Amino acid sequence: MGSMPASEDHGAAAAASTPAQSGDSDRTDSVRAETADQLSIAVARLSKAMWVTRPRIPRAAPDLEPSHLPIIYRLATEPLRLSDLAAGIHSAPSTASRQVATLVDSGYVARTPDPQDGRAQLLELTERGQEVLEQIRRTRREWIRELLADWSEDDAQNLHATLVRFTDAVMDSEFFQHHTSSERPT
């Protein structure tokens, strides 16, 4: 499918799905089965494309892994305890702890005492972490602008709103909640 032109790929995707009929039992209240199938294919294609292009990390940060990016993005907003960070990135605390240790060792994240509880620590981006975050944002911003160069601002805003709404639906789904909660001890 990778060598297939995009226009043919869309046709193949549409042909691969079974058309929904008016009384189709697979039909939900608001979305036809055919539309759901087409969306599933489109999301799979987008996931593959994003996976292939994930190494868009600036050369200034060769020691960063793509799995570190959610931590860096999350810590950009505020210092957090490890447990809050893990919950915020939907990760098991042990996994987040290993990733944070690497980021601390590399100088992107610092541990500081929690002013509200001297026994606890907060994680925050260092100056180096903030610089790399800005480089990543700049790189991604320019890449997205290149991809959408022939789109109108309204189309880009509509895509953003739709992606946010869809992502929220995925993250609010029972499957997602069960999957992410099963990774963390209760």
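The values are calculated or read from the model by the stated rules, or taken from the named source; none is laboratory data. What you see is a predicted model; the values in this text were computed from it and never measured. FYI the Cβ positions are ideal-geometry reconstructions off the backbone, even for glycines, and counts take in every protein chain you see.
Some notes on this structure:
- Within the stretch 70-92, considering residues that are surrounded by fewer than 16 Cβ atoms within 10 Å (Cβ to Cβ) and in contact with a helix residue (DSSP H, G or I) (Cβ under 8 Å, 6 or more places away or on another chain), the one nearest to residue 116 (Cα to Cα): 83
- Within the stretch 138-166, the residues that satisfy the criterion of being at pLDDT 90 or above and closer than 26 Å to residue 84 by Cβ are 163, 164, 165, 166.
- Residue, modelled with the highest pLDDT, within the stretch 167-186, restricted to residues that are more than 15 Å from the chain's Cα centre (by Cα) and under 27 Å from residue 31 (Cα atoms): 173
- Going through (1) surrounded by 14 or more Cβ atoms within 10 Å (Cβ to Cβ); (2) in contact (Cβ under 8 Å) with a residue 40 or more places away in the chain; (3) of a type outside the set (Asp, Glu) one by one, residue 143 falls short only on (1).
- Number of the exception - residue 122 against (1) within 22 Å of residue 63 (Cα to Cα); (2) modelled with pLDDT of 95 or more; (3) touching a Pro at 6+ places or on another chain (Cβ under 8 Å): (1)
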